[in-house]
Amino acid sequence: MRFRTRAEAGRALARRLGHLRDAAPVVLALPRGGVPVGLEVAAALAAPLDLLLVRKIGAPGYPELAAGAVAEQDSAVFINEDVVRELDIPRAYLEAEAARQRAEIGRRRGLYRQGRAPLPLAGRSAILVDDGIATGATVRVGLRALARSGARRVVLAAPVAPPPVAAVLAGLCDEAVFLATPESFGAVGSFYEDFTQVEDEEVMALLRQADAAAHSPKG
């Protein structure tokens, strides 16, 4: 399965999530790449769109390889022990990088939220959306944060993930929806024709679009 754009993937994902439309859902996108996907899901479910601020701790020399991750709502640090052992990554590096990524979460919080508080999740269905999952480190941290949020139901939705990672993540939430779990995986970008990096300006524009849709008169 290959998607033309993240928006197209979001529309396809939304068709698999229609059963949640009446479950008072809140769509939580992982920025930045998950936001165009989440916008389409939120629009289809008539749900509000918010962000779950999570940052990957990249391995030394391999910034795209997750050695761990941190989340806005959780003081704990997830460590990908397999990667840490294989690359013999020092704990001091992980601690320093975790602090740096928390600072980036703070920057993004101020930029994206503009002083707005996160949407309350208590008693609602929380749908965590990304544009694809590789190691699952950031999603794992996100799911852990949502498990402590008071959400009635936690759902993970992503266009693509490798089978072993998909199986592990499915066990950490109430429901997991993947459009494809190919044995031959590679990188998330290989499943898109256009995988242009999503910039901060686009994230803010998409959030404004979602907010305008949420407050528009319903016909």
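Since every read-out is calculated from the coordinates, none of them should be taken as a lab result. Quick caveat: nothing in here was measured; it's all calculated off a predicted structure. Please note: Cβ atoms are built from the backbone with ideal geometry, for glycine as well, and neighbour counts cover all protein chains shown.
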Among residues of the range 178-188 being in contact (Cβ under 8 Å) with a residue 40 or more places away in the chain and within 17 Å of residue 65 (Cα to Cα), the residue nearest to the chain's Cα centre (by Cα) is 188
Taking the range 147-191 and keeping residues part of a loop (DSSP other than H, G, I, E, B) and closer than 23 Å to residue 122 by Cβ leaves 148, 149, 150, 152, 172, 173, 174
Restricted to the range 3-60 and to residues being surrounded by fewer than 18 Cβ atoms within 10 Å (Cβ to Cβ) and touching a Ser or Thr at 6+ places or on another chain (Cβ under 8 Å), the residue nearest to residue 75 (Cα to Cα) is 24
Residue hits (the range 94-125; farther than 30 Å from residue 23 by Cβ, loosely packed, with under 15 Cβ neighbours inside 10 Å and either of a type outside the set (A, V, I, L, M) or without any contact (Cβ under 8 Å) to a residue 12 or more places away in the chain (or both)) are 95, 96, 99, 100, 103, 104, 106, 107, 110
With the first residue restricted to the range 133-146 and required to be outside any helix (DSSP H, G or I), and the second required to be buried (at least 24 other Cβ atoms within 10 Å of the Cβ) and not small (Gly, Ala, Ser), Cβ contacts under 6 Å at 6 or more apart or on different chains are 133/139
Taking first residues from the range 26-39 that are touching a residue at least 12 places away in the same chain (Cβ under 8 Å) and under 10 Å from residue 7 (Cβ atoms) and second residues anywhere that are among the charged types (D, E, K, R) and part of a loop (DSSP other than H, G, I, E, B), the pairs with Cβ under 6 Å that are 6 or more apart or on different chains are 37/131
